[in-house]
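Readers should treat all values here as calculations from the given coordinates under stated rules, not as data from a laboratory. Since we're looking at a predicted model, the values are computed, not measured. For neighbour counting, all protein chains shown are included, and Cβ atoms are generated from backbone atoms with ideal geometry for every residue, glycine included.
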C-alpha cells in the first residue's frame, strides 16, 4: 500500500479491498473499476493507488503516473469493446464537479448519452 493513503477515503478503501468493486485493471500504481452510477454503456474510473486528493495536489513526481492513467484509457476501452471513441474527464475541486476527493479519471464509451440532438 502506498505511503499516501487516507483511511477515510472511499477510493482508498476500494484499493485496500475493504469495499468491493468490479475491477477492469490493476497494477502496482493504478486501479481501474466500473463506475457504480455509469453515464455511458462503458464507464470506468482510473485511479492512482497513492492518495492524491485532486489534480491540484499532484506533484511533479506524479507526472509519469498521470501519463500512465491517460495512456491506459484507450487500452481499456478497446479491451471493453469500445473502438469508436470515448471520453475522458477529470473533475477537479468543488467548482469542477469533483465529488470524491481522490484523483480519478472517468473514461466513458459506447453510444453517447451526452450527444446533443
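As an exercise, take the mean of 1/r over every pair of distinct alpha carbons in the stretch 1-46, invert it, and state the Kirkwood radius in angstroms.
It is 11.3 Å.
What is the projected area of the convex hull of the Cα atoms of the chain, averaged over all directions, in nm²?
The number I arrive at for the chain is 7.7 nm².
Mind telling me which of 48, 60, 74 comes out most flexible in a GNM of the chain, alpha-carbon contacts under 10 Å?
Sorting by GNM fluctuation, first place goes to 60.
Tell me, what is the percent relative contact order of the chain, built from C-alpha pairs under 8 Å that lie six or more residues apart?
Relative CO of the chain lands at 30 percent.
Given points 7 Å out from each Cα along the Cα-Cβ axis, report the residue 87 to residue 66 separation in nanometres with one decimal.
A separation of 2.2 nm, rounded to one decimal place.
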